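The structure appears right after this line, and notes come after that.
Every number here is computed from the coordinates shown, using simple stated rules; none is lab data. These numbers were taken from a predicted model, which means no experiment stands behind them. Note: ideal-geometry Cβ built from the backbone for every residue, glycine included; neighbour counts use all protein chains shown.
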Amino acid sequence: MKYQLGLLGSGISYSLSPYIHDEIFSYAGVDAEYKLYDIAPDNLDGEMARLKTLHGFNVTKPYKTRILDYLDEDLSGCGAVNTVCMREGKALGYNADGFGFYKSFCEGLCGKAYTRVLVLGAGGAARIVVKTLKEAGKQVYVKNRSAAAQAEICAEFGALPYDGHVPEVVVNCTSFGLKRGENPAADLPMHGLIYAYDLIYAPKETDFLLRAKKAGAATQNGLDMLVYQAVKADEHMLGIAFSDKSGLHGADDYAAVKKAVYARLKREGVDF
Ligand code: NDP
């Protein structure tokens, strides 16, 4: 049987996901195909029946919350779904972004000690990042442009509103950084910053990361997160289990897949 998977979104023709999933399927020895479903918001209702004939699909902007209306069960725990698995005709929703974020975040941090994390943003990505960091026992502060959204995310996940302290670790979960000149941390003190993480991966170094690097911090963009969330999504959709120890080929599956994906992106001429 050939598994049929894909990505639901709008304006996603630029997506790297087909390359990434292709490499995961090869590594796992699974016969599967991954297609883009670029669907305009007005057409989503009409296209949902076709999507539900797939074995599963990932979900990206602007549908991570709207997809909840079409699920039989939301197992994301955060009200934002990026992976839908079809099981015996039922649509089950998961969120693999938390896994992708935290694995890449910890790798980039390299075991450095810190006591608190400042999260910039309060949108869908910030929700899963704040939830994941809180579950990992971290002290989390949130700073967002809209005060109402900031208050809501703090109340829901037990985070604190940013109080002006000098941050040690900052995670940008806003979309403000996709263009040059955009920096959600332009007014933040950066002396003493040890680690800056940006969920954005294109550009590969946002103005936020460039400023943090100049201040002496280690930096990490969101490409590893994209790869790791894809692996976790495929674990859900294909019912396979990767391991970071002795995995499918006797080694760390995640590291091996990441290596294969980066080699593929290089072959495809992607600047990362
Ligand atoms: P949302 O649209 O849900 O949230 C956007 C956030 O950015 C809000 O907090 C919003 O603040 C803030 N924001 C937008 N414009 C500005 C601005 N001009 N100044 C300050 N803040 C601003 O987006 P998502 O949470 O889904 O995604 C956020 C980013 O994370 C995107 O760039 C996305 O590509 C990236 N991402 C990366 C992933 C990866 O695997 N690497 C996975 C998921 C997301 P306000 O509430 O005030 O509007």
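So here's what we get for this one:
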| item | result |
| --- | --- |
| Length released on extending from residue 205 to residue 241, taking residue separation times 0.36 nm less the Cα-Cα span | 9.7 nm |
| Pairs beyond 28 Å (Cα-Cα), from 143/258; 61/214; 138/213; 112/266; 213/258; 90/143 | 143/258; 61/214; 112/266; 90/143 |
| Relative contact order of the chain, defined on C-alpha pairs under 8 angstrom at six or more residues apart (%) | 16 percent |
| Computed label-point distance, nm, for sites residue 72 and residue 186 using a 7 Å Cα→Cβ extension | 5.0 nm |
| Sequence-distant residues sharing a close amide H with residue 141 (under 5 Å, placed H) | 117, 118, 119, 160 |
| Cα point-scatterer Debye curve for the chain, base-10 log of I(q)/I(0) at q = 0.08, 0.11 Å⁻¹ | -0.33, -0.63 |
| Segment residue 30-residue 255, extension gain: residue separation times 0.36 nm, minus the distance between their alpha carbons | 79.2 nm |
| Those residues of the range 96-110 whose amide nitrogen sits under 14 Å from the label point placed on residue 139, 7 Å along Cα→Cβ | none |
| Residues of the range 1-28 with amide N under 19 Å of the 7 Å Cα→Cβ point at residue 272 | 6-8, 12-28 |
